[in-house]
Amino acid sequence: MSEIKINGKDLDFNSIFPTCINGFNWAPHLHTGNQLFHKLTTLCSAFRLEVTSHTLSDHSFINNCNILSLYLDHITKRINDDNKEACCKYFYYKLKKYILNNRDCNCSGSKDCYEKLIEKIGINSEAQISDICWNHVINIDTDTFSTLEKLDNLYSTFNTFNNAALPNKSDIYKFIYALKDLEKSIDKYHDSFKLSLQQANADYISFVKTLEEKGPQGKILLIYLKQDGYINGILKVVLGTNEKEESTEGNTNIGAIIDAYTDSGAGTGTGIVILTFAILVTVYILYKYTPYFSFLKPRVRKLRKVLKKNNKNYLDFMGRFDVEYKNSIDDEHKISYSSANYRH
């Protein structure tokens with residue numbers, strides 16, 4: 001099978017992400033309980049000696065080889081036939097990242113490297129390295145590799161905060177900035193690249209809808225996202241659709257709730273008291289029981305200034321009312337007193 005050189009104009013990004021990234025973890029330490037992972041070590045050690053100039057043990061290289069071999073097993077057993085070719089392309093991206101880009105690797109390309117890996121099957125009869133991707137060999141150019149790496153990191157970050165009980169603000173904003181950066185290349189590649197970004201944006205919107213259910217921490221995150229303009233999505237334009245102007249079910253209510261919290265015109269005495277109490281309780285909970293307080297300080301101070309200004313306006317208004325009312329009463333008494341003197 002010949003090796004096909006591929007660039008972004010030819011690659012179907014949307015068939016790879018997120019299908020080929022979901023359901024498999026690339027962290028070696030999470031596979032230490034997998035017997036196949038350990039059995040592959042002998043094969044990968046022999047492979048390393050053949051394709052690199054190192055004579056000393058290189059645990060990082062061997063672990064990467066083990067993980068790549070496990071992913072081939074994952075494609076064979078868990079990926080349906082319609083998606084196997086796409087996931088093989090993802091495998092070749094990872095092969096380039098972990099093996100071919102190693103400065104000591106002497107493989108001539110993806111095909112040569114994969115072939116040498118498969119040849120090691122006979123070393124350990126209990127470990128098998130699948131040839132499932134042999135008929136889909138590709139060599140990814142440098143520019144497309146960089147874009148695949150960005151997409152890979154994007155979805156990895158999304159899975160981190162999407163699967164967390166308490167999402168981390170820094171992870172969410174890392175995802176936001178990464179997606180905005182990828183959007184700059186939206187017309188550079190195959191149309192499927194646009195679809196993959198649109199899918200990432202849709203997944204993000206679905207995540208935002210779950211924040212109301214995550215207690216005070218989720219509500220605080222909603223305030224940040226609303227303030228920065230990311231409550232209804234991240235992308236400006238995808239496939240001719242203005243994502244940021246699209247209304248999504250539930251987000252209108254979220255915006256209304258947050259606007260009620262920050263609207264400087266809603267300055268009734270009762271509202272200020274209730275709002276202040278609610279914020280104090282929320283901040284106390286975050287300070288006492290969560291790690292979120294550290295990044296709340298600047299925004300809480302800003303919100304407190306707004307509340308203080310509202311309260312001052314309210315007190316000034318009430319003060320003027322009291323003075324006018326008092327003056328009105330005094331004038332009435334003066335008129336009555338003068339009238340009484342006149343009669344005498």
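Nothing in this text is a laboratory measurement; each read-out follows from the coordinates by a stated rule. Worth saying up front: this structure is predicted, and the values here are computed from it rather than measured. Note that we place each Cβ from the backbone using ideal geometry, even for glycine, and neighbour counts take in every protein chain shown.
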Quiz item: If each residue's Cβ is checked for other Cβ atoms within 10 Å, how do Thr157, Thr41 rank with the fewest at the top?
Solution: Thr41, Thr157
Practice problem: Could you calculate the contour length gain from Asn7 to Asn163, that is, 0.36 nm times the residue separation minus the distance between their Cα atoms, to one decimal place in nm? | Solution: 52.9 nm
Practice problem: Sort Lys150, Lys89 so that the residue with the fewest other Cβ atoms within 10 Å of its own Cβ comes first and the one with the most comes last. | Solution: Lys150, Lys89
Quiz item: Which entries in Lys9/Lys236; Lys116/Lys174; Lys94/Lys209; Lys84/Lys169; Lys39/Lys97 show an alpha-carbon gap greater than 26 Å?
Solution: Lys116/Lys174; Lys94/Lys209; Lys84/Lys169
Quiz item: Which ordering of Ile172, Ile6, Ile21 is given by a fewest-first count of other beta-carbon atoms within 10 Å?
Solution: Ile6, Ile21, Ile172
Quiz prompt | Residues in segment 157-189 reached by a label modelled at Thr210 [backbone nitrogen below 12 Å; 7 Å Cα→Cβ] | solution = 158-168
Quiz prompt | Contour excess over end-to-end distance, with Cα ends at His136 and Asn80 and 0.36 nm allotted per residue | solution = 18.6 nm
Practice problem: Quick one: which residues, 5+ away or cross-chain, put their amide H under 5 Å from the amide H of Ile138? H built at 1.01 Å from N. | Solution: Ile4
Quiz item: Taking the simple approach of a point 7 Å from Cα along Cα-to-Cβ for both Asn25 and Lys236, what is their distance in nm?
Solution: 3.9
